[in-house]
Amino acid sequence: MTTYRPTEEVREGFEVYADRFQAMLPEDAKLIKHYTGTEWAEGPVYISDDDCLLWSDIPNDRMMRWSDADGDSVFRQPCGYTNGHTRDRQGRLVSCEHGGRRISRTEADGTVITLVDNYQGKRLNSPNDIVVKSDGSIWFTDPPYGILSDREGHKAESEIGANYVFRLEPDTGKLEIVGDDFDMPNGLCFSPNESLMYISDTGAPGHIRVFDVADGNRLKNSREFAVVQPGKPDGFRCDSNGNIFTSAWDGIHVYSPQAELLGKILVPEQRTANCCFGGPDMKRLYIAADHSMYSVVLNARGNQSP
Ligand code: MG
């Protein structure tokens, strides 16, 4: 097993730097481990209709499912080495696939279709993370992690030769580049009113940038939001107040919209990858971290619908 951090630094608990984070913690706040056994957990997505969580175990080419009622099970295997997932406005699962180098959508009858797998005839690298805007457009990042080796996909050369952020109109198939100055674009999410977009870069910068969303379909006014350490900010989500819950190696870091680090949810794994809100009231933060999946109930509400 690869060690990224000294064992004594792998801890569980809460670090409070601001009253606003203390207020997010119920008195009995506790990190709960729901499952362990993944090789690299990523891409959590809450399915409200079913009160269950789906997430990816990328090296094992499988998607996992967990619910309070049913416990854990394998949801899909093989699954095209999925990474990030989200739901569109109709509630359909849309997924980044390293293996198929595509964005797929799971239809109501369970069939999996390709929404896009190339840009101007050149195959995508290995889509990593994904969000859907209220207008139905699909925004995703396309770094090469899934084609660098056979561990999280199939080793191959990049055909595009760059690592873009894309916007897809699923009804027309129109695909356009909305970000072209990233080393390794990775996590992304909109602010609650969609006037801002946050995108992380897990390459050399190791930071999250924030952009203004212009005309609903372009990004402008790039500025650095936060450098996240230890490790890099892989995936993140906003709550309904616009606070950012981002992964770092030591857990989840919580930032105010003004980029003040309010506190940390420490996760006892080597590297925390991603998180999403769920539960019937959207106050349970699910956390995908290395070998395990956790959750903690907060006094904060997720921003995603459905
Ligand atoms: Mg990611």
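Here are some residues: MET293, MET282. Which one is open to solvent by 20 Å² or more (accessible area, probe 1.4 Å) and among the aliphatic types (A, V, I, L, M)?
Working: MET293 fails: open to solvent by 20 Å² or more (accessible area, probe 1.4 Å).
Every option except MET282 fails the conditions.
Let's see how each residue does on (1) farther than 24 Å from GLU8 by Cβ; (2) surrounded by fewer than 20 Cβ atoms within 10 Å (Cβ to Cβ):
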| position | (1), (2) |
| --- | --- |
| PRO205 | yes, yes |
| ARG218 | yes, yes |
| SER222 | yes, yes |
| GLY231 | no, yes |
| ASN241 | yes, yes |
| SER247 | no, no |
| ILE252 | no, no |
| SER256 | yes, yes |
| LYS264 | no, yes |
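May I ask you to verify whether ILE130 is closer than 25 Å to PRO192 by Cβ, of a type in the set (A, V, I, L, M, F, W, C), touching a residue at least 40 places away in the same chain (Cβ under 8 Å) and away from the ligand (no atom under 13 Å from the Cβ)?
Judged against the criteria, ILE130 is not a match.
Tell me the strands (runs of 3 or more DSSP E) entirely within segment 50-104 that contain at least 1 residues that are at positive phi.
71-76
Check off (1) crowded, with 19+ Cβ neighbours inside 10 Å; (2) touching a residue at least 40 places away in the same chain (Cβ under 8 Å); (3) within 16 Å of the ligand (Cβ to nearest atom) for LEU53 and give me the number that stays unchecked.
Tallying (1) crowded, with 19+ Cβ neighbours inside 10 Å; (2) touching a residue at least 40 places away in the same chain (Cβ under 8 Å); (3) within 16 Å of the ligand (Cβ to nearest atom), LEU53 fails exactly one: (3).
Taking only segment 2-22 into account, find how many residues are free of Cβ contacts under 8 Å to residues at least 40 places away in the same chain and over 16 Å from LEU266 (Cβ atoms).
The qualifying residues number 1.
Taking GLU194, is it open to solvent by 20 Å² or more (accessible area, probe 1.4 Å), charged (D, E, K, R) and under 30 Å from GLY251 (Cβ atoms)?
The answer is yes for GLU194.
Give the number of residues within segment 146-169 that are touching a Lys or Arg at 6+ places or on another chain (Cβ under 9 Å) and either in a loop (DSSP other than H, G, I, E, B) or open to solvent by 50 Å² or more (accessible area, probe 1.4 Å) (or both).
Of the residues in that region, 9 qualify.
Give segment 7-49 a look and list any residue that's assigned to a loop (DSSP other than H, G, I, E, B) and of a type in the set (Ser, Thr, Tyr), or say none.
Result: TYR17, THR38.
Please work out if PRO205 is on the phi < 0 side of the Ramachandran plot and either among the basic types (Lys, Arg) or under 17 Å from the mean Cα position of the chain (by Cα) (or both).
Judged against the criteria, PRO205 is not a match.
Is it the case that segment 170-177 has a residue that's of a type in the set (Val, Ile, Thr), in contact (Cβ under 8 Å) with a residue 12 or more places away in the chain and open to solvent by less than 40 Å² (accessible area, probe 1.4 Å)?
No.
Residues in segment 27-47 that are more than 16 Å from the ligand (Cβ to nearest atom), closer than 15 Å to THR272 by Cβ and open to solvent by less than 20 Å² (accessible area, probe 1.4 Å): how many?
Final tally of qualifying residues: 1.
Hey, TRP139 hits all of (1) under 23 Å from TRP249 (Cα atoms); (2) within 16 Å of the ligand (Cβ to nearest atom) but one; which does it fall short on?
(1)
Of the residues in segment 220-266, how many are part of a strand (DSSP E or B) and of a type in the set (Ser, Thr, Tyr)?
Summing the residues that are part of a strand (DSSP E or B) and of a type in the set (Ser, Thr, Tyr) in segment 220-266 gives 4.
The values are calculated or read from the model by the stated rules, or taken from the named source; none is laboratory data. Bear in mind that the values here come from a model prediction, so they are computed numbers and not experimental data. We place every Cβ from the backbone using ideal geometry, glycine too, and count neighbours over all the protein chains shown. Side chains are part of the model used for accessible areas, which takes the heavy atoms of the whole protein and leaves out ligands, DNA and RNA. Shrake-Rupley method; radii C 1.70, N 1.55, O 1.52, S 1.80 Å.
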